Amino acid sequence: MTTDTTTLALAQLRVEPGDVEGNLERALEAISRAADAGADLLALPELFTVGYFEFDLYDEHAEALEGETLTRLADAAADRGIAVLAGTVVEDLAATEAVETPADEGYANTAVLFDADGERRLVYRKHHLFGYDSAETELLVPGERVDVADVCGFTVGVTTCYDLRFPELYRDLVDAGADLLLVPSAWPYPRIEHWETLSRARAVENQCYVATINGAGSFENATLLGRSTVYDPWGTVLASSGDEPTLVSAEVDPERVARVREEFPALADRRRR
């Protein structure tokens, strides 16, 4: 018995620094375009509303999970019947209700996965905060939880940008059952080789789909390199982009993950220490 494939779309949005409403409108337009094209699941980039490098604006635009931004994205998912990974937003932990948080106050770099009914299925707070030429470690609280959710025929896990450099996190997600890993990011030039090599490695070593969702556009001291990509469980590129705004789409099949892991059982050969 086979399952239908899932159409996965990655919205490589032009992120305009500080243009929160404009960036959100572009995200909502991407949801509609992806739905019109038949996508089952759309993923958005890291901090696509405020812009990752706009550190001085984090405080002003932080919201609870129940805030306007995520509510509008959840409503769009339900209206268009498409699952949506709400890239990441700056979450006000003190204002969020009814979801376990790593701290009673402060802000987190938070991704939220909604199903096609607009129901919140997964919350992921970025574990590894970037300290190199970045204020993220000073402004945000790292996440602690490693959760997965069953959406669109996959068991989905989420990590964010800098997390790509820490393979043990991906092992934890695979051990939790993940077979599709979504990685919203704000990865800048010049580190193209790191972006491509680390992403492919995470797919190969975990024998699962990895989709990296980057933004497009320039900030005062950085330019995002785009290149949003879907890798299959062999590390083969199924779809990719340049550095301009676009919608990347690929067909992904949960049964392919099982077949690859059966044909080449590297995960089963792990020696745990």
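So in the range 139-155, with the set limited to residues that are closer than 23 Å to Trp187 by Cα and in contact with a Leu (Cβ under 9 Å, 6 or more places away or on another chain), which one is surrounded by the fewest Cβ atoms within 10 Å (Cβ to Cβ)?
Looking at residues that are closer than 23 Å to Trp187 by Cα and in contact with a Leu (Cβ under 9 Å, 6 or more places away or on another chain), I get Pro142.
Here are some residues: Asp163, Asp172, Asp133, Asp179. Which one is under 21 Å from Asn109 (Cβ atoms), crowded, with 22+ Cβ neighbours inside 10 Å and of a type outside the set (Ser, Thr, Tyr)?
Step by step, each of Asp163, Asp172, Asp133, Asp179 is checked, and only Asp163 is under 21 Å from Asn109 (Cβ atoms), crowded, with 22+ Cβ neighbours inside 10 Å and of a type outside the set (Ser, Thr, Tyr).
Hey, could you check the range 97-130 for residues that are at pLDDT 95 or above and of a type in the set (A, V, I, L, M) and say which is surrounded by the most Cβ atoms within 10 Å (Cβ to Cβ)?
Per the stated criteria, the residue is Ala111.
Quick check: anything in the range 207-216 within 24 Å of Gly51 (Cβ to Cβ), out of contact with any His (no Cβ under 8 Å at 6 or more places or on another chain), part of a loop (DSSP other than H, G, I, E, B) and not basic (Lys, Arg)?
Among the residues of the range 207-216, at least one is within 24 Å of Gly51 (Cβ to Cβ), out of contact with any His (no Cβ under 8 Å at 6 or more places or on another chain), part of a loop (DSSP other than H, G, I, E, B) and not basic (Lys, Arg), which makes the answer yes.
Which ones in the range 182-193 are outside any loop (DSSP other than H, G, I, E, B) and either closer than 23 Å to Val112 by Cβ or touching a residue at least 12 places away in the same chain (Cβ under 8 Å) (or both)?
The answer is Leu182, Val183, Pro184, Pro188, Ile192.
With respect to the numbered conditions (1) in a loop (DSSP other than H, G, I, E, B); (2) surrounded by 15 or more Cβ atoms within 10 Å (Cβ to Cβ); (3) of a type outside the set (S, T, N, Q), which one is the sole condition not fulfilled by Ala35?
Going through the list (1) in a loop (DSSP other than H, G, I, E, B); (2) surrounded by 15 or more Cβ atoms within 10 Å (Cβ to Cβ); (3) of a type outside the set (S, T, N, Q), Ala35 breaks only (1).
Which count do you get for residues in the range 38-53 that are part of a loop (DSSP other than H, G, I, E, B) and in contact (Cβ under 8 Å) with a residue 60 or more places away in the chain?
10
The values are calculated or read from the model by the stated rules, or taken from the named source; none is laboratory data. Since this is a predicted model, take the numbers as computed values, not measurements. Reconstructed Cβ throughout: ideal geometry from the backbone, glycine too, with neighbour counts over all protein chains shown.
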